[in-house]
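Below: one structure, written as structure tokens.
The values are calculated or read from the model by the stated rules, or taken from the named source; none is laboratory data. What you are looking at is a predicted structure, and each value in this text was computed from that prediction instead of being measured. All Cβ positions, glycine included, derive from the backbone under ideal geometry; neighbour counts span all protein chains shown.
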Amino acid sequence: MALLAPERLADIDGLRARFASEEQLTTELVRRKWLTPLQGRWLLRGHGARLFVGSYVLVDRIGEGGMGQVFLARHRSFGRPAAIKVLRPDRLDNKRGRARFLREVRALGHLDHSNVVHAYDAGLIGRACYLVMEYVPGPDLARVLAAGERLPVGHSCEYARQAALGLHHMHERGLIHRDIKPGNVSLAEGGRTVKLLDVGLVKERMNPDADGEVLTQAGWLVGTADYAAPEQVLNARNVGRRSDQYSLGCTLYHLLAGEVPFPGSTPVARALRRVTENVRPIHELRPDLPAGLSEVVGRLLAREPKGRFPSARAAAEALAPFATPLVTAAAETTVHISTCPTLPTLPTLDGPTATESELSTPADAPATAPRSGQ
């Protein structure tokens, strides 16, 4: 059994004698944590080959989005954890889906910054694409907000400052994120470092053919109505560097105020409000904020792009006076910053590799942590 470490293989014969069926044996291996529940389920259903993707072994499914699924995996030789994004097979059947995924791979390959998730590898099995990325085990800001505790102002500003630096790195390379929101801003290194996730909507600023899908496609509006810039609401092709600033401003506003800038009963209503209305000044909701911070937030949320900062770096510099280093952030908040979960020891021996048709996930494998994908 290629999923088990060599030192475990000697115990298998003895275990086989104790259990009357493969199902009972597999259940025991999961109980002993020699296999993960995902591995056990797929093995029992005859889908074991799907667990091997390139040089990696899938451990668990950690997210699912409109374009594909994200798995926690581990390198077979080095043992390094990683996040693997696999494009949904039906998305591969059209030119637009393949182009978008390949654009994501190319975009990530140009990024090397401590505040942006790193790409390790990419591959193609038949027509099925996968992307191997840095695994960020900490919570994203959506989970931080869901915990219901108001964060220290200095920590909120530091989250936004670091995210702005990551955006500046992207923008310098002609890339626009297009989907900045709490769920795509994650915490690493015990909560001390911010990582921008999910560049699946990245647009190459100089590429006129970059897709500008309307907001209602692929559930895009549902997940982004509270954070999209006004120009993005009107036309998804009209995004620019300052559109990312607006989305970052919405995220910071949410962190500081505990609510989104434009509440509403439906995603469409909330999105359209930002086109026709100015945001309520943050100091009206938080009169205790430091002098000057409301102006910074207001500039990020200027309805016209020209009213925002000239660059994301300028936004980061404006936030710096209000930011507090995150050295003790994990200890001072009630949000549990988890470490990377313990993964079962995997062999250095080569196992089978999934074929194109085997990359689709069995229907009974639920996502363990709903995420848009890293």
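Tabulated results
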quantity: Breaking point among (1) surrounded by fewer than 17 Cβ atoms within 10 Å (Cβ to Cβ); (2) without any contact (Cβ under 8 Å) to a residue 40 or more places away in the chain, for F262; calculated: (1)
quantity: Condition broken by R61, with the remaining ones in (1) basic (K, R); (2) under 30 Å from T224 (Cα atoms); (3) assigned to a helix (DSSP H, G or I) satisfied; calculated: (3)
quantity: Hits in the stretch 253-290 - residues which are more than 23 Å from E149 (Cα to Cα) and not β-branched (V, I, T); calculated: S265, P267, A269, R270, A271, L272, R273, R274, E277, N278
quantity: Flag for G68 being within 21 Å of the chain's Cα centre (by Cα), crowded, with 23+ Cβ neighbours inside 10 Å and under 28 Å from A122 (Cβ atoms); calculated: yes
quantity: Whichever residue in the stretch 226-279 is over 21 Å from the mean Cα position of the chain (by Cα) and of a type in the set (V, I, T) and, among such residues, is farthest from N184 (Cα to Cα); calculated: T276
quantity: Single residue of L187, L215, L197 found to be of a type outside the set (G, A, S), at pLDDT 55 or above and either outside the structural domain of G240 (by TED's automatic domain parsing) or farther than 21 Å from V86 by Cα (or both); calculated: L187
quantity: Looking only at the stretch 178-200, and only at residues there that are touching a Phe, Trp or Tyr at 6+ places or on another chain (Cβ under 7 Å) and outside any loop (DSSP other than H, G, I, E, B), the one that is surrounded by the most Cβ atoms within 10 Å (Cβ to Cβ); calculated: V194
quantity: Residues satisfying the stated conditions in the stretch 108-120, i.e. out of contact with any Asp or Glu (no Cβ under 6 Å at 6 or more places or on another chain) and buried (at least 16 other Cβ atoms within 10 Å of the Cβ); calculated: L108, L111, H113, N115, V116, A119, Y120
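For every residue, the table says whether it meets (1) in a helix (DSSP H, G or I); (2) closer than 22 Å to I176 by Cβ.
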{"residue": "H254", "(1), (2)": "yes, yes"}
{"residue": "G264", "(1), (2)": "no, no"}
{"residue": "V268", "(1), (2)": "yes, no"}
{"residue": "V279", "(1), (2)": "no, yes"}
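Condition check ((1) without any contact (Cβ under 8 Å) to a residue 12 or more places away in the chain; (2) buried (at least 21 other Cβ atoms within 10 Å of the Cβ); (3) small (G, A, S); (4) closer than 19 Å to E7 by Cα) across all residues:
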site: E23; (1), (2), (3), (4): no, no, no, no
site: R45; (1), (2), (3), (4): no, no, no, no
site: V53; (1), (2), (3), (4): no, yes, no, no
site: S77; (1), (2), (3), (4): no, no, yes, yes
